[in-house]
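Reviewing the structure listed below.
The values are calculated or read from the model by the stated rules, or taken from the named source; none is laboratory data. No experiment lies behind these values; they were computed from the predicted model shown. A quick note on method: Cβ atoms are made from the backbone with ideal geometry, for glycine too, and the neighbour counts reach across all protein chains shown.
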Amino acid sequence: MNAAISSVDENKTARSRLARLNDWVAQTAALTRPDAVQWCDGSDAEYAALLELMQKDGSLLPLNPDTHPRSWLHRSDPRDVARVEHLTFVCTSEKDAAGPNNHWMAPADGHRKMDELFAGCMRGRTLYVIPYCMGPIDSPLARCGVEITDSPYVVVNMRMMTRMGAAALTRIETEGSFVKGLHSTGELDPDRRFIMHFPEELSIKSYGSGYGGNALLGKKCHALRIASWQARQEGWLAEHMLIVGIENPRGETHYIAAAFPSACGKTNLAMLIPPESYRDAGWKVWTVGDDICWMRPGADGRLYAINPEAGFFGVAPGTSANSNPNALACISHDTIFTNVALTQDNQPWWEGLEGTPALDWQGRAYDPANGPAAHPNSRFTVSARQCPSYSPRAEDPQGVPISAIVFGGRRPSLVPLVFEARDWTHGVLVGASMGSETTAAATGAVGVMRRDPMAMKPFCGYNFADYFTHWLGFEKPGAQLPKVFHVNWFRKGADGQFLWPGFGENLRVLEWMIERVEGRVGAEETAVGRFPAKADFNLEGLALSAEAAEELFAFHPGEWKAELLEIGDYLASYGDGMPPRLQQEASHILSILE
Ligand code: OXD
Ligand code: MN
């Protein structure tokens, strides 16, 4: 076939691939009845027009242009401030495929329920079509999606959080496949709110919320719930993990992927600034991602990771010059804030910052009797490119090689500052048995301890038993798997105060991990994993009491026995599908403890 004919054929095929998208947009418009349909190209002009529109209708308020140029405040409906796990469903043909870790509905029922809500819901509104790519546009690890929404707030946020617009549409045209996400803010009525996933169809329907995790469908819905399903089928992993590069004084960079539940400091760790003594010695930290990690084995057997996101949707409260100066620099311009408080001179404000608030997150004159000035789950949305520590490898289409995987949760007692898993199977058990206290990132009680395997409890799009089997399956001939660690920044003393200073000082823990990866230091074997030998862990210059230092590294066999019994029951709750290897590993540890 001559080249001219083949390119005509390719064009025809590309057009027919786009026909699938066009048909879906037309069907959706017929169902939702918008006044207008706008295809988003991701351009500056489009962004400016949407900002102007929202400023006019009052859904975005301009912030102080001298201190926060081109930045905005959005105040959401007070009943719509967090993810809604109880209203989030995975709709698979077989209930068992979704597993006890998900709320389930049969796909036909899910579609019926959602289509009733969507019918006519965009009357008087514009339907926006957002083609987007999760991951660097030229990366073989990246995947595309299209979100249809009636929310301009979603469009401007998606522009920062994904590679959105013309380039994504071109990739969709070439590949033909994309994740379909349909979203409407509806009436923002919590009784008419559902976030439904149809992994077998690679589609999402979300109604009744404008909150990031429920409405920016590229993020949790696509990049975790749907992607975890795709990843299982295609042999990779979609994880709730930050990715950070640690450069040692010899100039070598190790990339670490770390899973922590929502609002447990992933952004802070991803943007860590080394303590002065480390900086002087030449340590550097490079941010690749702060929330989601897609990784797959490369030709050399190592796991290679990309950050599918292009921006940060970070928790504002607690972000300060002490905890995260890089984030503060990042959000000093071109940022959208949601549900933060305001100072007298119209600067964004939240607990942890200096100064005083004048208006709270609902726009009322600040009164401590009404609770915190900023909502505890108030957020900033910002492009990752604004981050001073943004890694030069962050956009590498091949991803970065992962040297260590870290799991961690909020554990006020028992769990030491750090330990290492003996091998991959043990590492998977350590991840599977992760526990943490709940936070304000989801509606419901805060501070309740729950099991949150791999920090994926709210995000795994299929049965955890199959997910653990998938993880175990990465151990195969030729694999060069990362070492696995567990950390706990949140250990408290008898006085209820945190024992570990955290933030920049966490580099000391990462240093120990890297030394372990490089085989430079030994470790002390315990039944539950490898603990640092005191001599190998740098505590120099830290104002840590001897008791705190002792307790942070202590091993309490009796309490661990109780923990392992609980973990055994938890794993058993997933029934027959649970990989025996994981339960055997837990029983083995228990037998050593007994
Ligand atoms: C997030 C979350 O927004 O985990 O990243 O809730
Ligand atoms: Mn998250």
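Key figures for this structure:
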quantity	calculated
Among residues of region 441-458, those that are assigned to a loop (DSSP other than H, G, I, E, B) and surrounded by fewer than 24 Cβ atoms within 10 Å (Cβ to Cβ), counted	9
Qualifying residue in region 43-60 (condition: surrounded by fewer than 18 Cβ atoms within 10 Å (Cβ to Cβ), over 22 Å from LEU217 (Cβ atoms) and in contact with a His (Cβ under 9 Å, 6 or more places away or on another chain))	no
Set HIS111, HIS86: member being under 20 Å from the mean Cα position of the chain (by Cα) and assigned to a helix (DSSP H, G or I)	HIS86
Selected residue (criterion: nearest to ligand 2 (Cβ to nearest atom)) from residues of region 282-301 that are of a type in the set (D, E, K, R) and surrounded by fewer than 20 Cβ atoms within 10 Å (Cβ to Cβ)	ARG296
Filter result (more than 13 Å from PRO261 (Cα to Cα) and either within 11 Å of ligand 1 (Cβ to nearest atom) or touching a Pro at 6+ places or on another chain (Cβ under 9 Å) (or both)) within region 434-465	THR443, GLY461, TYR462, ASN463, PHE464, ALA465
Matching residues, region 198-213, being over 13 Å from the mean Cα position of the chain (by Cα) and either within 16 Å of ligand 1 (Cβ to nearest atom) or free of Cβ contacts under 8 Å to residues at least 60 places away in the same chain (or both)	LEU202, SER203, ILE204, SER206, SER209, GLY210, TYR211
Test: residue in region 463-470 that is under 30 Å from ASP96 (Cα atoms) and part of a loop (DSSP other than H, G, I, E, B)	yes
Cβ pairs under 6 Å, 6+ apart, first in region 561-589 and free of Cβ contacts under 8 Å to residues at least 24 places away in the same chain, second assigned to a helix (DSSP H, G or I)	GLY568/ALA586; GLN583/LEU571
Within region 415-440, tally of residues that are surrounded by 21 or more Cβ atoms within 10 Å (Cβ to Cβ), hydrophobic (A, V, I, L, M, F, W, C) and not in a helix (DSSP H, G or I)	6
Condition broken by LEU63, with the remaining ones in (1) buried (at least 20 other Cβ atoms within 10 Å of the Cβ); (2) within 24 Å of LEU188 (Cα to Cα); (3) more than 26 Å from the chain's Cα centre (by Cα) satisfied	(2)
Test for ALA119: is it aliphatic (A, V, I, L, M), more than 30 Å from ILE306 (Cα to Cα) and free of Cβ contacts under 8 Å to residues at least 40 places away in the same chain	no
Enumeration of residues in region 214-233 that are more than 16 Å from ligand 2 (Cβ to nearest atom) and touching a residue at least 60 places away in the same chain (Cβ under 8 Å)	TRP229, GLN230, ALA231, ARG232
Region 422-445, subset in contact (Cβ under 8 Å) with a residue 12 or more places away in the chain, farther than 17 Å from ARG491 by Cα and of a type in the set (A, V, I, L, M), residue farthest from ligand 2 (Cβ to nearest atom)	LEU429
Count of residues meeting criterion [buried (at least 20 other Cβ atoms within 10 Å of the Cβ) and in contact with an Asp or Glu (Cβ under 9 Å, 6 or more places away or on another chain)] in region 83-99	3
Any pair with Cβ under 6 angstrom, 6 or more apart, that starts in region 370-386 at a residue that is on the phi > 0 side of the Ramachandran plot and ends at one that is assigned to a helix (DSSP H, G or I) and surrounded by fewer than 24 Cβ atoms within 10 Å (Cβ to Cβ)	none
Lone unmet requirement of (1) at pLDDT 95 or above; (2) assigned to a loop (DSSP other than H, G, I, E, B); (3) within 16 Å of ligand 1 (Cβ to nearest atom) for LYS476	(3)
Selection count where residues are touching a His at 6+ places or on another chain (Cβ under 7 Å) and surrounded by fewer than 23 Cβ atoms within 10 Å (Cβ to Cβ), scope region 214-244	1
Matching option when the condition is over 29 Å from LEU117 (Cβ atoms), among the acidic types (Asp, Glu) and in contact with a Cys (Cβ under 7 Å, 6 or more places away or on another chain), among GLU175, GLU234, GLU252	GLU175
Those residues of region 489-509 which are within 15 Å of PHE553 (Cα to Cα), touching a strand residue (DSSP E or B) at 6+ places or on another chain (Cβ under 9 Å) and either assigned to a loop (DSSP other than H, G, I, E, B) or in contact (Cβ under 8 Å) with a residue 60 or more places away in the chain (or both), in sequence order	TRP489, PHE490, ARG491, LYS492, LEU499, ASN506, VAL509
Residue selected from region 369-409 under the condition closer than 30 Å to HIS556 by Cα and either at pLDDT 95 or above or not assigned by TED's automatic domain parsing to the domain that holds GLU547 (or both), by the criterion farthest from ligand 2 (Cβ to nearest atom)	SER403
Set ALA238, ALA223, ALA258, ALA227: member being assigned to a strand (DSSP E or B), within 16 Å of ligand 1 (Cβ to nearest atom), within 21 Å of CYS91 (Cβ to Cβ) and modelled with pLDDT of 95 or more	ALA238
Looking only at region 172-213, and only at residues there that are within 16 Å of ligand 2 (Cβ to nearest atom), not in a loop (DSSP other than H, G, I, E, B) and not aliphatic (A, V, I, L, M), the one that is surrounded by the fewest Cβ atoms within 10 Å (Cβ to Cβ)	GLY212
Close pairs from region 48-74: first in the same structural domain as ASN346 (by TED's automatic domain parsing), partner modelled with pLDDT of 95 or more and surrounded by 13 or more Cβ atoms within 10 Å (Cβ to Cβ), Cβ under 7 Å, at least 6 apart	none
Pick from region 67-82, criterion within 29 Å of GLU187 (Cβ to Cβ) and out of contact with any Ser or Thr (no Cβ under 7 Å at 6 or more places or on another chain), ranking: surrounded by the most Cβ atoms within 10 Å (Cβ to Cβ)	LEU73
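Yes/no matrix, rows are residues, columns are (1) buried (at least 19 other Cβ atoms within 10 Å of the Cβ); (2) of a type outside the set (Asp, Glu); (3) outside any loop (DSSP other than H, G, I, E, B); (4) under 28 Å from the mean Cα position of the chain (by Cα):
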{"position": "VAL521", "(1), (2), (3), (4)": "no, yes, no, no"}
{"position": "PHE555", "(1), (2), (3), (4)": "no, yes, no, no"}
{"position": "TRP560", "(1), (2), (3), (4)": "yes, yes, yes, no"}
{"position": "LEU590", "(1), (2), (3), (4)": "no, yes, yes, no"}
